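Trainee: My questions will all concern the structure given below.
The values are calculated or read from the model by the stated rules, or taken from the named source; none is laboratory data. Please read all numbers here as calculations on a predicted model, not as lab measurements. Please note: Cβ atoms are built from the backbone with ideal geometry, for glycine as well, and neighbour counts cover all protein chains shown. For accessibility, only protein heavy atoms count, side chains too; no ligands or nucleic acids. Shrake-Rupley method; radii C 1.70, N 1.55, O 1.52, S 1.80 Å.
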Amino acid sequence: MLAQHDELNPLQAAEARFDLAAEALNLDEGLCKILRTPTREVIVHIPVELDDGRLEVFTGYRVQHSIARGPAKGGIRYAPDVTLDEVRALASWMTWKCAVVNIPYGGGKGGVICDPSILSQRELERITRRYTAEMMDVIGPESDVPAPDLGTNQQTMAWIMDTYSMHKRHTVTAVVTGKPLDLGGSRGRTEATGRGCLIVTLEALKKLGLDPKQARVVVQGFGNVGGQSASLMSKAGLKVVAIVEWDGAVYNAKGLDIAALLKHRNETGSIVDFEGGENIDKDEAMYLECDVLVPAAKENVISSANAHKIRAKIITEGANGPTTALADPVLKAKGIFVIPDILANAGGVTVSYFEWVQDRQGYFWNEQLVNERLEELMVASFRDVVNYAEKHGVDNRTAAYMLAIDRVAFTIKLRGLYA
Ligand code: NAD
């Protein structure tokens, strides 16, 4: 059982969710051991020459949690405080996320201990290329497909693709996803996570009999996921009444003009003092009465310390791990309909999957096709999870984990053990 002091530890949190679902599934003890343990963990120490001529050694990780259903899939994080435990937790999350949306991937994650904010582009390029060279036998279109995460971006993926291709002596675009469009990226990838959040939110509103045109939405985080979610939800007719950022929050009961707010933030560097709304207390904004709350900033923002204050009917978890395991029962007791992260934000990995498929086919889809296929898959996955929850009398998060674990366990049983 998770103690309050472990609540914020990512690995303990991931294991707590896994254990709960495995117990509800009555999962065989041996299978539990297999699914709790990563398949492969690689640690590399990368010597890199800095711009001033000094030599530095950076530590990098790649964890493949599961490759039972297909290649490991997951981002690479560059951060000064990234740990092996964090990468392990994130890798297992990817296994469950890919299984929930039923795409043919396992789960993986990578990390390099470095601070991208103090490194030059040339230094980042050298770190990335050496990390890729060290991981040549680990990553690949058939084995493990990295993507961007915190501190990495399209450019990082372009360097990985190029380094991998140089070693292979031919261009291999499918080795990473989240690439620039001109290097085999997919149309619709930038909006994909936000679009996925919109799709499942519309399904949840329908399920609860709520009119989307009357729905009041509060979004925390105005970055890629939060910004796109707010923008697409507003275009779909929902009223985005508040946006919460780290330095302030803005409110308009009639609905904020999201395009104008984005312009204001680009011009001033902040969402505060927006003339289309009023500044409100950022520490209280998440507790506004609303129909939909979209935490899309960071992990652990809804914990046992504040879950009782949430007054939303639906929570669409745009971020990874915004709710701690100890907050789950509090939200459940309040009757809040939670769309768990491994479902709500799976639009990103789904379009990454589409990118990999297009790269392998060498045939690229238009944006409409990407969006239609995303919608089809997200709606089906939402219904799978909700039906599973109803059938087994569990909350949506437990249902999503049970469904995912069951799918991976089934594959392992079917394949049998190679010994
Ligand atoms: P981002 O850096 O583009 O945006 C995060 C935003 O949150 C920033 O604007 C930041 O200022 C804001 N923020 C930070 N701390 C805050 C706080 N305390 N209160 C309010 N706002 C705060 O990152 P992103 O790509 O949008 O990712 C956000 C979350 O979604 C992360 O948990 C990420 O792992 C998850 N996620 C992202 C994707 C994707 O495709 N980008 C896919 C799945 C999950």
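Trainee: Residues of the stretch 93-152 being open to solvent by 30 Å² or more (accessible area, probe 1.4 Å), among the hydroxyl-bearing types (Ser, Thr, Tyr), more than 22 Å from GLY347 (Cα to Cα) and touching a residue at least 60 places away in the same chain (Cβ under 8 Å), which ones?
Mentor: Matches in the stretch 93-152: SER120 only.
Trainee: Among (1) surrounded by 20 or more Cβ atoms within 10 Å (Cβ to Cβ); (2) more than 18 Å from the chain's Cα centre (by Cα); (3) more than 9 Å from the ligand (Cβ to nearest atom), where does VAL294 come up short?
Mentor: (2)
Trainee: Sticking with this structure for a sec: For the stretch 155-184, name all the residues that are touching a residue at least 40 places away in the same chain (Cβ under 8 Å) and among the hydroxyl-bearing types (Ser, Thr, Tyr).
Mentor: Once the filter is applied, which keeps residues that are touching a residue at least 40 places away in the same chain (Cβ under 8 Å) and among the hydroxyl-bearing types (Ser, Thr, Tyr), the stretch 155-184 yields THR156, THR173, THR177.
Trainee: Among the numbered criteria (1) touching a strand residue (DSSP E or B) at 6+ places or on another chain (Cβ under 9 Å); (2) more than 14 Å from the ligand (Cβ to nearest atom), which single criterion is violated by ALA344?
Mentor: With (1) touching a strand residue (DSSP E or B) at 6+ places or on another chain (Cβ under 9 Å); (2) more than 14 Å from the ligand (Cβ to nearest atom) applied to ALA344, the lone miss is (2).
Trainee: Tell me the residue from VAL87, VAL48 that is more than 27 Å from THR37 (Cβ to Cβ), surrounded by 17 or more Cβ atoms within 10 Å (Cβ to Cβ), out of contact with any Cys (no Cβ under 6 Å at 6 or more places or on another chain) and not aromatic (Phe, Trp, Tyr), please.
Mentor: On the way: VAL87 fails: more than 27 Å from THR37 (Cβ to Cβ).
Exactly one of VAL87, VAL48 is more than 27 Å from THR37 (Cβ to Cβ), surrounded by 17 or more Cβ atoms within 10 Å (Cβ to Cβ), out of contact with any Cys (no Cβ under 6 Å at 6 or more places or on another chain) and not aromatic (Phe, Trp, Tyr), namely VAL48.
Trainee: Right, here's the next one. What residue, of VAL357, VAL351, VAL386, VAL379, is touching a Lys or Arg at 6+ places or on another chain (Cβ under 6 Å), assigned to a helix (DSSP H, G or I) and not aromatic (Phe, Trp, Tyr)? Before you say what the answer is, go through the steps one by one.
Mentor: On the way: VAL357 fails: touching a Lys or Arg at 6+ places or on another chain (Cβ under 6 Å); VAL386 fails: touching a Lys or Arg at 6+ places or on another chain (Cβ under 6 Å); VAL379 fails: touching a Lys or Arg at 6+ places or on another chain (Cβ under 6 Å).
After ruling out the rest, the residue left standing is VAL351.
Trainee: For residues that are within 16 Å of the ligand (Cβ to nearest atom) and either of a type in the set (Val, Ile, Thr) or in a loop (DSSP other than H, G, I, E, B) (or both), tally how many sit in the stretch 122-174.
Mentor: Start the filter on the stretch 122-174 by keeping residues that are within 16 Å of the ligand (Cβ to nearest atom), which leaves 145-157.
Filter once more, so that each one left must be either of a type in the set (Val, Ile, Thr) or in a loop (DSSP other than H, G, I, E, B) (or both): 145, 149-153, 156.
Residues meeting the conditions: 7.
Trainee: Ok, one more. Within the set of pairs 6 or more residues apart or between chains, which connect a residue that is under 16 Å from CYS197 (Cβ atoms) inside the stretch 296-321 to a residue that is charged (D, E, K, R) and open to solvent by 20 Å² or more (accessible area, probe 1.4 Å) with Cβ atoms less than 7 Å apart?
Mentor: Cβ pairs passing all conditions: ALA319/LYS298; ALA319/GLU299; ASN320/GLU299; GLY321/GLU299.
Trainee: Now, a different point. Name the single residue, out of those in the stretch 278-329 being part of a strand (DSSP E or B) and touching a Phe, Trp or Tyr at 6+ places or on another chain (Cβ under 6 Å), that is farthest from TRP93 (Cα to Cα).
Mentor: Restricting attention to the stretch 278-329, the residues satisfying the condition of being part of a strand (DSSP E or B) are 278-280, 290-295, 302, 312-316, 323.
So of that shortlist, the ones also touching a Phe, Trp or Tyr at 6+ places or on another chain (Cβ under 6 Å) come out as 278, 280, 314.
Details: GLU278: 38, ILE280: 34, ILE314: 22 Å.
The extreme case among them is GLU278.
Trainee: Still on this structure: Just to be sure I understand, how many residues within the stretch 213-227 are surrounded by fewer than 23 Cβ atoms within 10 Å (Cβ to Cβ) and within 9 Å of the ligand (Cβ to nearest atom)? Lay out the reasoning, then the answer.
Mentor: The first filter runs over the stretch 213-227 and keeps only residues surrounded by fewer than 23 Cβ atoms within 10 Å (Cβ to Cβ), leaving 213-214, 216, 223-224, 227.
Checking which are within 9 Å of the ligand (Cβ to nearest atom) leaves us with 223-224, 227.
Selection size over the stretch 213-227: 3.
Trainee: What residue, of ALA230, ALA242, is part of a strand (DSSP E or B), buried (at least 24 other Cβ atoms within 10 Å of the Cβ) and either away from the ligand (no atom under 15 Å from the Cβ) or in the same structural domain as ALA319 (by TED's automatic domain parsing) (or both)?
Mentor: Numbers: ALA230 fails: part of a strand (DSSP E or B).
Result of the check over ALA230, ALA242: ALA242.
Trainee: Anything in the stretch 184-208 that is more than 14 Å from the ligand (Cβ to nearest atom), within 21 Å of GLU376 (Cα to Cα) and not in a helix (DSSP H, G or I)? List them, or say none.
Mentor: ARG187, LEU208
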